[in-house]
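S.K.: Dropping the structure in here first, questions after.
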Amino acid sequence: MAVILPQRQRFPAIYATIRRMRILHTMLRVGDLQRSINFYTQVLGMQLLRTSENPEYKYTLAFVGYEANPAQTELELTYNWGVDHYEAGTAYGHIALGVEDVYAACAQIKATGGKVTREAGPVKGGNTLIAFVTDPDGYKIELIQRDA
């Protein structure tokens, strides 16, 4: 029987490079930038970290998150001028956020006008407590209860 070495032993130079890699941001195309900024900041409690506008290519970016890089991964909201909606397609799944109390998070999201699409409770076939909310553009966000 052949012995399969772990990635870091088979490719030490590559592993040395990739272990320093990290996810910086995820990008979502949005149809109404201010509506999306309001959702992520007012409903999910993120901060607007920075914005940039590119008139030549007709797009505006807004980066939101709980902290800026390198402390946390950011969410890039991209508004292409004049495009008011997108089809999510079948490849996109969801973004996941860790929360201390999924039930309290759902209550707060509802109280601030957010849409809970799967109420808090155990994942099917498991014990992890989850819920789902949907942002104004229809993107799904999973809330996963994590130990404080």
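S.K.: Under the condition of being within 16 Å of the chain's Cα centre (by Cα) and of a type in the set (A, V, I, L, M, F, W, C), which residue from region 103-131 is nearest to SER36 (Cα to Cα)?
M.R.: Looking at the filtered set, the residue picked out is ILE109.
This table checks each residue for (1) β-branched (Val, Ile, Thr); (2) buried (at least 17 other Cβ atoms within 10 Å of the Cβ).
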| site | (1), (2) |
| --- | --- |
| VAL43 | yes, yes |
| GLN47 | no, no |
| PRO55 | no, no |
| LYS58 | no, no |
| GLY65 | no, yes |
| LEU75 | no, yes |
| GLU87 | no, no |
| TYR92 | no, no |
| VAL102 | yes, yes |
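S.K.: List the number of the failed condition for ALA71; all other conditions in (1) exposed (fewer than 12 other Cβ atoms within 10 Å of the Cβ); (2) not assigned by TED's automatic domain parsing to the domain that holds GLY31 hold.
M.R.: Checking ALA71 against (1) exposed (fewer than 12 other Cβ atoms within 10 Å of the Cβ); (2) not assigned by TED's automatic domain parsing to the domain that holds GLY31, the one that fails is (2).
S.K.: Another one. Identify, please: which residue in region 132-147 is within 14 Å of the chain's Cα centre (by Cα) and not in a loop (DSSP other than H, G, I, E, B) and is, among those, farthest from CYS106 (Cα to Cα)?
M.R.: First, pick out the residues of region 132-147 that are within 14 Å of the chain's Cα centre (by Cα): 132-144.
Filter again for not in a loop (DSSP other than H, G, I, E, B), leaving 132-134, 140-144.
On the way: PHE132: 9, VAL133: 8, THR134: 12, LYS140: 14, ILE141: 12, GLU142: 11, LEU143: 9, ILE144: 11 Å.
Here the answer is LYS140.
S.K.: Starting from region 89-117, take each residue that is touching a residue at least 12 places away in the same chain (Cβ under 8 Å) and list its partners that are of a type in the set (Gly, Ala, Ser), counting only C-beta distances under 6 angstrom and pairs at least six apart or across chains.
M.R.: These pairs meet every condition: VAL99/ALA105; GLU100/ALA148; VAL102/ALA120; VAL102/ALA131; TYR103/ALA120; CYS106/ALA120; CYS106/ALA131.
S.K.: What pairs come up if the first residue lies in region 120-148 and is surrounded by fewer than 17 Cβ atoms within 10 Å (Cβ to Cβ), the second is among the acidic types (Asp, Glu), and their beta carbons are under 6 Å apart, counting only those six or more places apart or on different chains?
M.R.: ALA148/GLU100
The values are calculated or read from the model by the stated rules, or taken from the named source; none is laboratory data. Given the structure is predicted, the values throughout are model-derived calculations rather than measurements. Quick reminder, even Gly has a Cβ in these numbers, built from the backbone with ideal geometry, and neighbours come from all protein chains shown.
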